[in-house]
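Notes follow the structure.
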Amino acid sequence: MTDDALHTARFSTLMISLHSQTMILLGKLADPGSGELRRNLAAARGTIDLIETLAVKTKGNLTVDEDKMVQQMLTELRLNYVEESNKPEKVKEPEMPDSPDNADSEKSD
């Protein structure tokens, strides 16, 4: 593999990684560690801003395909960010451990 091809592959991998991380932060993909969907809009916004900074700083140095990939990612992430920002904040209820008292009260309902 040539140096240019290697750098292209590394750049694509970096961008895909940042995209996936942002989708996890937006609650669109499950966290691979916990399997849960969680939202952290502030962190998602920061990662979107980071991708935008990379796009600005690499302008003129990307291939047409790389530039298209980055712009498509930014568009998708921004649209998803707006969508998630307009949703009410989800409050995760603490799970109650099963106890004999809880089990009895549930059965009587």
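All of ARG10, ARG45 fail the test of being closer than 27 Å to PRO88 by Cβ and of a type in the set (Lys, Arg), apart from ARG45. For segment 60-78, the count of residues that are surrounded by 17 or more Cβ atoms within 10 Å (Cβ to Cβ) and in contact with a Lys or Arg (Cβ under 6 Å, 6 or more places away or on another chain) is zero.
In segment 36-53, the qualifying residues are those that are in contact (Cβ under 8 Å) with a residue 24 or more places away in the chain and under 16 Å from ILE16 (Cα atoms), and the one that is surrounded by the most Cβ atoms within 10 Å (Cβ to Cβ) is ALA44. Residues that are in a helix (DSSP H, G or I) and either hydroxyl-bearing (Ser, Thr, Tyr) or touching a Phe, Trp or Tyr at 6+ places or on another chain (Cβ under 6 Å) (or both) within segment 1-43 comprise THR8, SER12, THR13, SER17, SER20, THR22, listed in sequence order. Look at THR47 and say whether it is over 13 Å from the mean Cα position of the chain (by Cα) and either in a helix (DSSP H, G or I) or modelled with pLDDT under 95 (or both). So THR47 fails the test. For segment 1-35, which residues satisfy the criterion of being charged (D, E, K, R) and exposed (fewer than 10 other Cβ atoms within 10 Å of the Cβ)? ASP3, ASP4 - these are the residues of segment 1-35 that are charged (D, E, K, R) and exposed (fewer than 10 other Cβ atoms within 10 Å of the Cβ).
The values are calculated or read from the model by the stated rules, or taken from the named source; none is laboratory data. Only a predicted model underlies this, so the values are computations on that prediction, with no experimental measurement involved. Because the Cβ atoms are built from the backbone with ideal geometry, glycine has one as well, and the counts that use them run over all protein chains shown.
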